[in-house]
1. Simple spin-label model, 7 Å along Cα-to-Cβ: residue A:297 to residue B:296 in nm?
2. Taking the axis about which chain B rotates onto chain A, which residue of B lies nearest it as judged by Cβ position, and how many whole Å separate them?
3. List the distances, in nm to one decimal, from the label point of residue B:91 to the label points of the same position in every other copy, shortest first, placing each label point 7 Å from Cα along the Cα-to-Cβ direction.
4. Fewest Cβ neighbours within 10 Å first, please rank B:245, B:301, A:21 accordingly.
5. Roughly how many Å is it from the Cα centre of region A:104-166 to that of region B:197-233, as a whole number?
6. Using only helices, what value at 222 nm comes out for chain B when you add -39,500 (n - 2.57) per DSSP H run of length 4 or more and divide by the total residues, to the nearest 500 deg cm²/dmol?
7. Can you give me the relative contact order of region A:64-113 as a percent, contacts being Cα pairs under 8 Å and 6 or more apart?
8. Of all beta bridges DSSP finds with both residues in chain A, what is the antiparallel percent, to the nearest 5?
């Protein structure tokens, strides 16, 4: 297969498959579009958690234990900020701080998030193209019984414990897909939905004006990998959130969410019995081993997707 | 003696005497007004080198080897910023970065530099009052044969090597002395000019509208300590700069600069032979040991100043 591949991803889970794809696809053919609904301001600095997780993962810098941040990073600046009375519940290492300082400075000078992301990735030797979903502000706001929470407040500060009653992508209506996303949507022959949280990671991207329409009309093959295996998320609160939102917590629930624009849903071996229900939704189920632990798991799944797209 | 003491200071040299004063004067009686003409933006963060040197010195955090920064600080974030292609000639440690991040955030939220300085000092346990000379922007610009330089470009990047042809305090005309400086000028019974660089450290303060007039009319006793001993600066480029500006590089030159508002100039033992010339300028010379190395040197000089003010 030739032609460009566009992969949509959020943070840790999506970065696993993106890494697998990056290991078998040449840089000029792969564009990884990352959720920025989690972006937030900490200590006056612009933090893009999912973009950073993706960038650090592809640069070989990510911390395999935590999934976020840079392996071996120190927390000297954050500890000093605590001494200054700063609200320091969001962990930021010293090397990580440099990323946010640099990003904030360049944005302040008028660069777009797409431009800044390209510059940061190039500096770290990331050869594949990582792009933000939008250069405009979109913020995922979670309605809970205790009030509205930002993504990081919910996910980090409150450990994803509150019940989610509603999800709003604030700013999405007025936001535009980033220019490199628009190009990639036009050019792609294969579009991959990484196994990221549907509501929190892929939801903000799909909420951008025109994205779902582009997906529906795109001639590209569209393949999603289920983030739900055996009735719960492989990682993170995706299952809990789907249940709270009244969705079926299974790969069938995922197929329901993506059925309007998705050709194939790759589900795990243990969910193969659900294939007929997915088929009934108009999505072609493909059964595979989709839990990625080792690097070879990631490469194997990426290879399966490419093989599928080659028919 | 009762009543408030106001000390004017720049960075390292001034901080020595300020530390001496702080060790013998109760917190509620000492206000240390610091030059902000060196303030600059690095990586989009507001850096106040002299305020930080003073704060770190009084907090017991300063690096005795370099005079700037925090003892034992690490440079993890700066090294990462270098990897991102940032211009990183100005050394900033990880703990130091926290100071600039916090200051920039609070200023961005609308706090004044005076308010931010108070908050930072309180967090670090600095009990005496440290204030910026102004909450408005004043930037010392040095005219050199190679073009205009900011203070840090001149002092750090070019190691104080270029010939200085002119000094401009950009913004000084429109700037106001900080509210706590105005109060201290009104209240002080003793005003001390620490042995700081006259052009680069005290010059910006004296250039603020109304400061020299306040000094002239203030009933406080005004005592300067000469930064020049034996024909050169005790530390730094003050001697070289005075020569380049056509000033006499001696404590007599210092007396000439301060004679309009200064009652006493404390000069070093080795300069005692210059006393008559200082006297001729209308400034009372007092000979003492003014080179401060140990903490006891700093305390002894501070005690001498207090004794002088007590008559």
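1. Calculated label separation equals 6.8 nm.
2. Spelled out as residue then distance in Å, it is B:94, 2.
3. 3.1
4. Ordered by Cβ neighbours within 10 Å, fewest first: B:245, B:301, A:21.
5. First find each Cα centre; the distance between them is then 50 Å.
6. Estimated from H runs of four or more residues: -10500 deg cm²/dmol.
7. 35 percent
8. Beta bridges within chain A, antiparallel portion: roughly 40 percent.
Computed from the coordinates by the stated procedures, all read-outs in this text should not be read as laboratory data. Fair warning: this is a prediction, and the values are worked out from it, not measured in the lab. Neighbour counts run over all protein chains shown; Cβ positions are idealised from the backbone, glycine included.
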